[in-house]
Amino acid sequence: MSAIEKICEILRDFFDDDSIVIDETSAAKDVDGWDSLANVQIMLSIEEEFGVNFDLDDMVKFKCIGDIVECIERKSK
């Protein structure tokens, strides 16, 4: 399963919505309910799933799912 597929599963579980579909260009604004409060919990779930820790500098740069995947790959090396 790719990183994007895993993140999609996290979002589907978090929002209890199996219809969520994302790709590398998707952003929080593209997912109903993904607001700043939800973002904190989603980022924690992603960190746990991938065994990484995002710092504030990382999260400020996240504009789309592709940015998150890129950071995960960089931190996983």
Given a 1.4 Å probe, the accessible area of the chain per residue, as a whole number of Å², is 66 Å²
Using 0.36 nm times the number of residues separating residue 75 and residue 53, minus their current alpha carbon distance, what extension gain do you get? 7.1 nm
Express the Stokes-Einstein translational diffusion coefficient of the chain in µm² s⁻¹, to the nearest whole number, given a Kirkwood radius over alpha-carbon pairs, 4 °C and a viscosity of 1.567 mPa s. 104 µm²/s
Carbon/sulfur accessible area of the chain, % of total, 1.4 Å probe, equals 48 percent
If a paramagnetic tag sat 7 Å from the Cα of residue 5 along the Cα-Cβ line, which residues of segment 18-35 would have the backbone N under 20 Å from that point? 18-26
The chain: Lys pairs at Cα distance under 20 angstrom, eight or more positions apart or on different chains: 9
Rounded to the angstrom and largest first, Cα extents along the principal axes for segment 37-77 equal 29, 20, 16
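The values are calculated or read from the model by the stated rules, or taken from the named source; none is laboratory data. Nothing here was measured: the structure is a model prediction, and the numbers come from that model. Note: ideal-geometry Cβ built from the backbone for every residue, glycine included; neighbour counts use all protein chains shown. Keep in mind that these areas ignore ligands, DNA and RNA; they rest on the heavy atoms of the full protein, side chains included. Shrake-Rupley method; radii C 1.70, N 1.55, O 1.52, S 1.80 Å.
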